[in-house]
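Note sheet for the following structure.
The values are calculated or read from the model by the stated rules, or taken from the named source; none is laboratory data. It should be emphasised that the depicted structure is a prediction, and the values quoted were computed from it without experimental measurement. Neighbour counts are summed over all protein chains in view; Cβ atoms, including those assigned to glycine, are modelled from backbone coordinates with ideal geometry.
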Amino acid sequence: MMAEQTEFRPGLEGIIASETDISYLDVAAEQIVIRGYDLIELARTVTYVDVVGLLLDGTLPDEAQQTKLAAELAAEAALPDAIWPIVAYPAPHKEAMDILRTGISALAAFDEELGDRSREANRRKALRLLAKVPNLVANGYRLQTGQAPIEPKRELSYGANFLYMLTGRLPDEREERAFDQSLIVYSEHEMPNSTFVARVIASTQSDLYGALTGAVASLKGTLHGGANEAVMYMLQEAKTPEGLEKLMKARLAGKERIMGFGHRVYMKKMDPRALLMKEALADLCERRGSRELYEMCELGERIMREEKGLYPNLDYYAAPVYYLLGIPIDLYTPIFLASRTAGIGAHVMEQHANNRLFRPRVLYNGPRGLRPTLQ
Ligand SMILES: CC(=O)SCCNC(=O)CCNC(=O)[C@H](O)C(C)(C)COP(=O)(O)OP(=O)(O)OC[C@H]1O[C@@H](n2cnc3c(N)ncnc32)[C@H](O)[C@@H]1OP(=O)(O)O
Ligand SMILES: O=C([O-])CC(=O)C(=O)O
């Protein structure tokens with residue numbers, strides 16, 4: 001019989017929920033380990049498609065494998081026509097993450113391998129989702145905002161095509177690199193709330209589409225993926241460095257959280273991914289000939305360090321990067337999900353390959369012994 005457990009850690013802080021070969025946050029070494037590689041080094045040296053291969057197959061693809069993977073992703077980008085009316089239903093409070101949640105959920109019914117939990121079928125489903133989600137993100141939003149859809153351009157790289165569909169404009173090399181790097185650093189991060197949700201769902205033998213749909217709902221919240229949009233709305237509201245200082249200090253005085261700062265695992269350390277995006281921001285600012293946004297963000301960073309001892313997480317610097325790339329703010333969190341589909345795909349494959357149902361217990365604080373009174 002199982003021994004009675006009494007320890008309770010709110011938010012499951014520090015609890016080991018899974019064994020994994022996929023990734024690990026080595027905070028002491030300031031490294032995000034992805035299948036043995038340092039994520040930041042990957043972002044500096046390979047492409048997002050390589051990282052997709054690494055996550056799903058366990059090893060970095062060679063050139064021929066990379067070409068094949070990129071071709072598979074390009075070939076699967078089209079969505080069934082029936083998806084568009086499903087996601088375009090008229091509703092007054094629809095947000096981009098809701099379109100994505102509905103779209104991914106609806107796509108399940110078009111996958112003939114839906115119930116096949118073998119590693120090979122799960123890999124193929126993950127690739128189909130990775131191919132289709134950028135299209136769903138970009139054109140779901142375009143439909144919602146009354147714009148004509150954009151056809152994917154197969155001749156472009158995965159990152160360049162995604163960015164092209166988001167903005168309607170062909171990116172230059174620096175823009176493509178910054179965006180691809182953002183996809184890499186968003187691709188996988190051990191056991192955040194959304195990945196945990198996906199693994200919990202997968203542990204009932206449910207499918208990848210359901211697991212990813214649950215992950216979209218998780219990622220939407222501002223304590224998780226939704227923070228990147230909230231950061232940009234804050235910077236926009238602030239307008240100037242002086243405005244930002246005033247706004248941040250007022251929010252802190254009102255005991256509000258400042259989005260883009262703090263992290264359950266890094267706690268009072270800088271997220272290594274934020275540093276990389278800070279570099280990308282500096283580069284995009286230089287390209288534009290104005291460091292204003294960079295300096296404003298640095299000021300925000302200093303205020304939070306001095307006032308709260310807190311450091312930026314990835315969302316803080318990804319937001320202004322996306323802004324300078326001309327991406328609509330409402331699409332920042334959907335992009336996070338699109339990229340994280342690679343990591344979540346790998347986690348669902350791993351969960352299905354070595355499954356045990358997630359079913360924790362509670363520390364019950366309610367009453368006992370009550371009896372219903374008969375009327
Ligand atoms: C890519 C990602 O998804 S990264 C996360 C993105 N989310 C955000 O940026 C949202 C803002 N950040 C936060 O809310 C938090 O730092 C979290 C939720 C990410 C992690 O926090 P947790 O580990 O759960 O810490 P917890 O919520 O218990 O906060 C600890 C203390 O720090 C404070 N704190 C933490 N983050 C912030 C913040 N961003 N702004 C102000 N105060 C903060 C809390 O108010 C709390 O203070 P208290 O002890 O006086 O009540
Ligand atoms: O790890 C977390 O809790 C959140 C995060 O940074 C991510 O999902 O990228």
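Being surrounded by fewer than 17 Cβ atoms within 10 Å (Cβ to Cβ), assigned by TED's automatic domain parsing to the domain that holds PHE162, of a type in the set (D, E, K, R) and part of a helix (DSSP H, G or I) is the requirement here; does ARG128 meet it?
no
Being acidic (Asp, Glu) and in the same structural domain as LEU293 (by TED's automatic domain parsing) is the filter; apply it to the range 303-349 and report the residue that is farthest from ASP98 (Cα to Cα).
GLU306
May I ask you to verify whether GLU188 is within 16 Å of ligand 1 (Cβ to nearest atom) and either in a loop (DSSP other than H, G, I, E, B) or basic (Lys, Arg) (or both)?
The answer is yes for GLU188.
On the given criteria, is VAL200 in the same structural domain as ALA148 (by TED's automatic domain parsing), of a type in the set (A, V, I, L, M, F, W, C) and within 14 Å of ligand 1 (Cβ to nearest atom)?
no
May I ask you to verify whether LEU54 is under 19 Å from ARG128 (Cβ atoms), out of contact with any helix residue (DSSP H, G or I) (no Cβ under 7 Å at 6 or more places or on another chain) and surrounded by 20 or more Cβ atoms within 10 Å (Cβ to Cβ)?
Taking the combined requirement at face value, the residue satisfies it.
If I filter the range 209-266 down to residues being surrounded by fewer than 20 Cβ atoms within 10 Å (Cβ to Cβ) and basic (Lys, Arg), which single residue comes out as farthest from ligand 1 (Cβ to nearest atom)?
LYS239
Out of all the residues in the range 154-194, which are within 16 Å of ligand 2 (Cβ to nearest atom) and aliphatic (A, V, I, L, M)?
LEU183, ILE184, VAL185, MET191
Residues ARG117, ARG101: which one is in contact with a His (Cβ under 8 Å, 6 or more places away or on another chain) and either buried (at least 22 other Cβ atoms within 10 Å of the Cβ) or part of a loop (DSSP other than H, G, I, E, B) (or both)?
ARG117
I'd like to verify a number: residues in the range 296-313 that are touching a residue at least 40 places away in the same chain (Cβ under 8 Å) and surrounded by 13 or more Cβ atoms within 10 Å (Cβ to Cβ), how many?
Residues flagged as touching a residue at least 40 places away in the same chain (Cβ under 8 Å) and surrounded by 13 or more Cβ atoms within 10 Å (Cβ to Cβ) within the range 296-313 amount to 12.
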